[in-house]
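Each remark here refers to the structure printed beneath this line.
Please treat every number below as a calculation from the coordinates, not as lab data. Since we're looking at a predicted model, the values are computed, not measured.
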Amino acid sequence: MSSSVLLMSMSADGYIAGPNDRPGNPGGDDFMRLHEWYLDADGEVGRPAGEAGVIYDELMATGAVVVGRRTAEQVDYYGGAHHGVPLFVLSNDPAATSKYESVTFVNDIENAMAQAKAAAGDKDVLVHGAVTAQKALAAGVLDELQIDQVPVLFGGGLRLFDVLPERIELDIVRVIDTPQATHIRYRVRR
């Protein structure tokens, strides 16, 4: 059975984007600092060497993506398909469109997740975006969190869990500790 998995790199003080996060500056100022652990041997974004490579492998094995519209727009809908899989974009705009065929706009998180899981089959669904994660947690449709905590204090920007409707208990599934980040996988306790 597939799981919905939030994958986010986060500063030690809880930020997933730096200050000035906006179109033209996706992720905000110094955003790549949160993703340096993602660099391959050539310094390009890709499969990192060592133990953290398993996280990249899991990302690339997902069968669909649920993402918020703001995030999707900032990255031009990942060019139409994040690693070749369909995108389900949360949007309150019923007339929302994209130039990409593999992008489907959905107005609520429950529907988005159901459609993404159907499209993914037995593969996991990748979840991106702070607001999307908050909505998925509140609706009870987020199964796991892969948080890649980077040893830096941003001091400002966009926090991952700024607003939650209630306390949510998590179980630690795996910890991979590297010099670039501590990679913690949690399962949402139901």
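For region 1-78, the alpha-carbon coordinates run over 33, 31, 25 Å along the three principal axes, in decreasing order.
Take the Cα gyration tensor of the chain, multiply each eigenvalue by 5, square-root it, and list the three semi-axes largest first, rounded to whole angstrom.
Over the Cα atoms of the chain, the semi-axes work out to 23, 19, 18 Å.
Our estimate of slack between residue 175 and residue 51, defined as 0.36 nm per intervening residue step minus the Cα-Cα distance, is 43.6 nm.
Taking all Cα-Cα distances within region 96-174, those exceeding 16 Å account for 61%.
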